[in-house]
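Peer 1: Supplied in structure tokens, the structure appears directly below.
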Amino acid sequence: MLDAHRDFLKGFEKKVGKIFSFFPLSPNQYTISTIFFALAAFYFLYKNKIIFAIIFFIIAAFLDLVDGSVARYKNQATKKGAYLDTIVDRFVEAILIFGLLFLPLPEVLFPVYVWIFLILFGSLMTTYAKSAAKEKDLIDSELKGGLLARGERLILIIIAILLGIYNYYWTVYLLVLIAILTNFTVLQRIFSAINKSKN
């Protein structure tokens with residue numbers, strides 16, 4: 001949903017682009033730096049230090065906003081940069097989801113790794129449903145939308161991790177919901193691509 005309604009962020013993105021363009025880093029360097037913060041967050045998940053993990057993932061998520069904002073502000077937006085940003089986004093999300101395996105999460109209906117796998121599978125398929133529709137020339141414009149796109153998914157996963165401070169059962173309940181809604185989003189995008197098909 002958030003990726004289909006980005007207009008309200010444009011003013012904020014301009015300010016971010018202006019501020020961070022003063023630093024001697026290119027948009028692509030900002031993009032690559034998100035991986036290091038994500039790895040730091042993974043380390044703290046592994047050590048079960050939730051607050052530190054959340055802080056570093058929030059920094060990584062913010063830098064994901066910074067790279068594009070700086071590129072647009074400095075008129076340096078390129079297809080290569082957009083491609084690199086998309087690939088790094090997948091790495092960062094996968095690192096976050098993989099880190100969940102190292103938390104002492106209880107079993108709810110199934111072992112927690114089943115829900116984590118479904119979240120990872122759904123996140124990959126959400127992206128693939130979009131790229132495949134464009135690759136197979138079903139649609140002219142980029143396929144967006146759905147109940148739980150990347151932005152909403154990451155926010156909910158971070159909230160789920162944060163809930164672990166109080167009770168890991170709350171974390172798993174939210175992960176179950178994310179797993180279900182993420183895969184429902186895949187179906188939404190598949191049907192949307194078929195309905196919008198030119199053929």
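Peer 1: Might you tell me the accessible area per residue for segment 14-135, computed with a 1.4 Å probe and given in Å²?
Peer 2: Using a 1.4 Å probe on heavy atoms only, each residue of segment 14-135 averages 57 Å².
Peer 1: Checking the table K15/K79; K79/K144; K79/K130; K49/K144 against a 25 Å threshold on Cα-Cα, which pairs fail?
Peer 2: The pairs that break the limit, which is 25 Å between Cα atoms, are K49/K144.
Peer 1: Using the beta-carbon distance between E107 and K47 and R0 = 22 Å, what value does 1/(1 + (r/R0)^6) give for FRET efficiency, to the nearest 0.05?
Peer 2: 0.45
Peer 1: Given points 7 Å out from each Cα along the Cα-Cβ axis, report the Y169 to L39 separation in nanometres with one decimal.
Peer 2: 3.8 nm
The values are calculated or read from the model by the stated rules, or taken from the named source; none is laboratory data. Just so it is clear, the structure is predicted and the values come from calculations on it, not from any experiment. Neighbour counts run over all protein chains shown; Cβ positions are idealised from the backbone, glycine included. In case anyone asks, the SASA skips ligands and DNA or RNA and just uses the protein heavy atoms, side chains included. Shrake-Rupley method; radii C 1.70, N 1.55, O 1.52, S 1.80 Å.
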